[in-house]
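Shown next, in structure tokens, is the structure this report addresses.
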Amino acid sequence: MSVPPSKLSRDDPFEAVLDRRAIHSVFQPIVSLDDELPVGYEALARGPQGSPFASPEALFGEAERRGRVAELDWICLISAFATALEAPHFNVALFVNAEPDTFGTQYPPDLVSTYEEADRSFDRVIEVTERAITKPAMLVKALIELRQRKSRFALDDVGVDPSSMCVLTLLRPDVIKLDRSIIQANVTSWPVAQVINAVLTEAARTGAAVLAEGIETPAHLNTARCLGATLGQGWYFGPPGPLPANIKASSSTLPRVTPLPASADTPFGVVANRAKVIEVSEQKLTPLSRILEDRALPADDSTMLFATFPRGRDLDDETRLRYSHMASNGVNVTAYGDGLPAQPAAGVRGVSLDSDDPLIGEAAVVVLGNHFAGAVVAKLRQLDRRDIEVDCDAAIIYDRALIIEVVHTLIGRIPPFTPGAARLFP
């Protein structure tokens, strides 16, 4: 027998928080380091004062335990939107945090009107922490859709895990937020130096803004400027609190990074005129691909492997076992093929290709990780012949920038998260 929601709310304090939408937001200024005036405010969620769930750590910890993170996240997002809409002169960007699990989920029907009004009323910057990114390929897909709505994207807590720098180059954020541990460190270690170098390289390449978190003293501010930050956040500029009645906005503007342009529609199309192409038999592609697949296994959790199978070819039992083993070790594995099921092997995401998709005539294995990037990309000359040894035009590449372009052609083919459902900033 099911228990009515109202009864659950009375007996369960956490259910009461969700049922009554008992979340409020406080706001912390984000300033330009040129004039120290705000370019935006970050909304920070809080639970009911005096309750066991007053802090965001307690709120989201309990939501994760119950599998209710997306539902809570929507309530926090709409709370922030509602407060900004009620502010009489809100004229800067609103930074809001979103858990990756929220992308692709249905927002609660009673929050629709607030959501749609906010969509029309002010600029938003959606923050995702790099620590929460366990499915980078799916997140890139969501962000492609998000940017079509003209929302900006910030990658938060950069530097907490120096091993996740490949996510930075793949996602191309508009704002890169350096974690407070970097700004407040007394000594710059080698891992921190690697992070800073990667962040500044990305900012120079794309035009992204670098935001330093945790600025609490003049010394922290000086460190932030020396590290190349253009935006700052921390108690030096103001603690979290209510939105001010009047905001004197900075003359600086937030950048909008151009999404990676598609130079071609398929992996081989990307590399055909930009890498050395050789003629090989289809059978000889297998050992070349295995070498790359072996490089993915000892990698970290941010490593992605993409494999495409031409029409008439499929994952054999050995390949299924190998890809399942990779997935069980944290590698994000996505396979593409004619009529491929959504899960062709345990832990492996399958993408079924249409019969007229040009990818149907290509074979590829692509590995993208923090410390290694490599791909074997081939186009079959005789797609429908299995009775002879088919020749291919193939390229072996280790150019990370080129491989990221290849990955984007594949990510674009991943189906929408939840067909027919309202998605985060759809």
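The values are calculated or read from the model by the stated rules, or taken from the named source; none is laboratory data. In this text, all values refer to a predicted model and were calculated from it rather than measured experimentally. Using ideal geometry, Cβ is built from the backbone for each residue, glycine included, and neighbour counts are taken over all protein chains shown. Ligands, DNA and RNA are stripped out before the accessible areas are found, and what is left, the full protein with its side chains, is counted by its heavy atoms. Shrake-Rupley method; radii C 1.70, N 1.55, O 1.52, S 1.80 Å.
Among the numbered criteria (1) open to solvent by 40 Å² or more (accessible area, probe 1.4 Å); (2) at pLDDT 90 or above, which single criterion is violated by ALA82?
Single failed check for ALA82: (1).
Using the structure shown, decide if ASP157 is among the charged types (D, E, K, R), modelled with pLDDT of 80 or more, closer than 30 Å to PHE372 by Cα and crowded, with 19+ Cβ neighbours inside 10 Å. Write out each step before concluding.
On the way: among the charged types (D, E, K, R): yes; modelled with pLDDT of 80 or more: yes; closer than 30 Å to PHE372 by Cα: yes; crowded, with 19+ Cβ neighbours inside 10 Å: yes.
When the stated conditions are applied, ASP157 passes them.
Looking only at region 190-216, count how many residues are open to solvent by 50 Å² or more (accessible area, probe 1.4 Å) and either touching a strand residue (DSSP E or B) at 6+ places or on another chain (Cβ under 6 Å) or farther than 17 Å from GLN28 by Cα (or both).
Narrowing region 190-216 to residues open to solvent by 50 Å² or more (accessible area, probe 1.4 Å): 190-191, 194, 197, 200-201, 204-205, 216.
With the extra rule that they be either touching a strand residue (DSSP E or B) at 6+ places or on another chain (Cβ under 6 Å) or farther than 17 Å from GLN28 by Cα (or both), the set shrinks to 190-191, 194, 197, 200-201, 204-205.
So the count comes out to 8.
I'm told ASN222 meets every condition in (1) under 10 Å from ILE183 (Cα atoms); (2) not in a helix (DSSP H, G or I) except one. Can you identify the failing condition by its number?
So the condition that ASN222 fails would be (2).
ALA219: of a type in the set (A, V, I, L, M), open to solvent by less than 70 Å² (accessible area, probe 1.4 Å) and within 30 Å of GLU405 (Cβ to Cβ), yes or no? Break it down into steps so the answer makes sense when it comes.
Details: of a type in the set (A, V, I, L, M): yes; open to solvent by less than 70 Å² (accessible area, probe 1.4 Å): yes; within 30 Å of GLU405 (Cβ to Cβ): no.
Considered against the rule, which asks whether it is of a type in the set (A, V, I, L, M), open to solvent by less than 70 Å² (accessible area, probe 1.4 Å) and within 30 Å of GLU405 (Cβ to Cβ), ALA219 comes out as no.
Listed here are the residues, each with its yes/no results for (1) among the hydrophobic types (A, V, I, L, M, F, W, C); (2) open to solvent by 40 Å² or more (accessible area, probe 1.4 Å); (3) touching a Lys or Arg at 6+ places or on another chain (Cβ under 8 Å).
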residue	(1), (2), (3)
LEU44	yes, no, no
ALA63	yes, no, no
LEU77	yes, no, no
PHE90	yes, no, no
GLU99	no, yes, no
THR105	no, no, yes
PRO109	no, yes, no
ARG120	no, yes, no
THR129	no, no, no
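Of all residues in region 91-114, how many are in a loop (DSSP other than H, G, I, E, B) and small (Gly, Ala, Ser)?
Total meeting the criteria: 2.
With the checklist (1) farther than 28 Å from THR169 by Cα; (2) within 21 Å of the chain's Cα centre (by Cα) in hand, flag the one item PRO341 doesn't pass.
(2)
Just the residues that are out of contact with any Phe, Trp or Tyr (no Cβ under 8 Å at 6 or more places or on another chain) and open to solvent by 10 Å² or more (accessible area, probe 1.4 Å), please, taken from region 362-385.
Answer for region 362-385, where residues must be out of contact with any Phe, Trp or Tyr (no Cβ under 8 Å at 6 or more places or on another chain) and open to solvent by 10 Å² or more (accessible area, probe 1.4 Å): ASN370, HIS371, PHE372, LEU380, ARG381, GLN382, LEU383, ASP384, ARG385.
So which of GLU279, GLU318 ends up being free of Cβ contacts under 8 Å to residues at least 12 places away in the same chain, open to solvent by 10 Å² or more (accessible area, probe 1.4 Å), outside any loop (DSSP other than H, G, I, E, B) and not aromatic (Phe, Trp, Tyr)? Even if it seems obvious, please write down each step before you answer.
Values: GLU279 fails: free of Cβ contacts under 8 Å to residues at least 12 places away in the same chain.
Within the list GLU279, GLU318, the selection yields GLU318.
Restricting attention to region 174-189, and to residues there that are open to solvent by 70 Å² or more (accessible area, probe 1.4 Å) and in a loop (DSSP other than H, G, I, E, B), which single residue is modelled with the lowest pLDDT?
Within region 174-189, the subset open to solvent by 70 Å² or more (accessible area, probe 1.4 Å) is 180, 186-188.
Applying the additional criterion that residues be in a loop (DSSP other than H, G, I, E, B) yields 186-188.
Numbers: ASN186: 66, VAL187: 62, THR188: 67.
Among residues in region 174-189 that are open to solvent by 70 Å² or more (accessible area, probe 1.4 Å) and in a loop (DSSP other than H, G, I, E, B), the one modelled with the lowest pLDDT is VAL187.
Got a number for residues in region 224-258 being touching a helix residue (DSSP H, G or I) at 6+ places or on another chain (Cβ under 6 Å) and surrounded by 20 or more Cβ atoms within 10 Å (Cβ to Cβ)?
Number satisfying all stated conditions: 3.
Determine which single condition ALA345 fails, assuming it passes every other condition in (1) within 18 Å of LEU410 (Cα to Cα); (2) crowded, with 21+ Cβ neighbours inside 10 Å; (3) of a type in the set (A, V, I, L, M, F, W, C).
Tallying (1) within 18 Å of LEU410 (Cα to Cα); (2) crowded, with 21+ Cβ neighbours inside 10 Å; (3) of a type in the set (A, V, I, L, M, F, W, C), ALA345 fails exactly one: (1).
Tell me the residue from THR129, THR134 that is closer than 16 Å to GLU42 by Cα, polar (S, T, N, Q), in contact with a helix residue (DSSP H, G or I) (Cβ under 9 Å, 6 or more places away or on another chain) and modelled with pLDDT under 80, please.
Working: THR134 fails: closer than 16 Å to GLU42 by Cα.
None of the others qualify; the one that does is THR129.
I'd like the full set of residues that are touching a strand residue (DSSP E or B) at 6+ places or on another chain (Cβ under 8 Å) and either closer than 20 Å to LEU171 by Cα or among the β-branched types (Val, Ile, Thr) (or both), limited to region 217-230.
The answer is THR223, ALA229, THR230.
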